[in-house]
1. If you wrap a convex hull around the alpha carbons of region 1-61, what volume per residue comes out, as a whole number of Å³?
2. Given only helices, namely DSSP H runs of n ≥ 4 each adding -39500 (n - 2.57), what is the per-residue ellipticity at 222 nm of the chain, to the nearest 500 deg cm²/dmol?
3. Tell me, what is the FRET efficiency for residue 59 and residue 195 to the nearest 0.05, using R0 = 22 angstrom and their Cβ-Cβ distance as r?
4. Could you check the spin-label model distance between residue 19 and residue 175? Points 7 Å from the Cα along Cα→Cβ, value in nm.
5. Carbon and sulfur atoms: what percent of the 1.4 Å accessible area of the chain do they account for?
6. If R0 is 22 Å, what FRET efficiency do you get for residue 88 and residue 150 from their C-beta distance, rounded to 0.05?
7. Give me the angle, in degrees from 0 to 90, between the Cα long axis of helix 54-67 and the longest principal axis of the Cα atoms of the chain, rounded to the nearest 10.
8. Just check region 48-111 against the gyration tensor rule for me: Cα atoms, a ≥ b ≥ c as the square roots of the eigenvalues, rounded for a/c under 1.5, and otherwise prolate or oblate depending on whether a/b exceeds b/c.
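The values are calculated or read from the model by the stated rules, or taken from the named source; none is laboratory data. Because the structure is a prediction, the values reported are computed rather than measured. Here the Cβ positions follow ideal geometry from the backbone for every residue, glycine too, while neighbour counts run over all protein chains shown. With ligands, DNA and RNA removed, areas are computed over all heavy atoms of the protein, side chains included. Shrake-Rupley method; radii C 1.70, N 1.55, O 1.52, S 1.80 Å.
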Amino acid sequence: MTSVTAHDYAWMRSSQFFRYALEAGYTLTLVRGVAPGEVLRVMEAEPQGTCTGVDALIEQQEELFEATDYSYESFIAGAFTVPGAGGDWTLVLHFDGGVAMQPRFLEALSAGGRAVVHSSNGGKPIHLFHWYEGGNLRTSFEGPTARNGSTPDALNSVMREVGFHLSDDAGYTGVYVEKALVLALAERLTGVRLTEELLHDAEYQLGHVPDEPAEE
């Protein structure tokens, strides 16, 4: 875990799953010490049974897209348990077009531990990373040189170790390189090694996350 770098995620370049995720928009969240069913409950998701494999999860989301005229205001979330640093983690995956995980959910889910999130809004160059600890957003960024949160520089040494360039003149390295860097950083924080086989073989608990109510 401590030696992982972006090179360990070179498989993303040939991954059909990641190609779909980047086109459709996705959010992948890792939460320590909270069971999948409880994570979905905190997300206010309506239970939808289970499915095996990420392809089946994508089919569920495509059916919802068709039923809602391709609205991204609600989505199907899939969650399962994975081993990681300090015990079990829940991996939550949804293809949400950029709706992403609401901050209030992440604050609640990380209240007694840690949550790490990365996402893409689908087809547009907005790719986000968030690290929550003890209910607080510690470090967040779109580009690695513009970090925010309560401790925006706390991960700088780890980011450099996995391959990030933190200088303003680093330039754009391409979406697959930048995603590989983010996945390596997520593994450093969670101990969870993300692989295509892991996502394809998992038994997902499913939940339909409804539209967010309009603000008054």
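1. 129
2. Rounded to the nearest 500, the figure is -9000 deg cm²/dmol.
3. FRET efficiency, residue 59 to residue 195: 0.55.
4. Going by the 7 Å Cα→Cβ label model, 1.2 nm.
5. So the carbon and sulfur contribution to the accessible surface is 49 percent.
6. Using R0 = 22 Å, I get an efficiency of 0.25.
7. Tilt relative to the chain: about 60 degrees.
8. Note, shape of region 48-111 comes out oblate.
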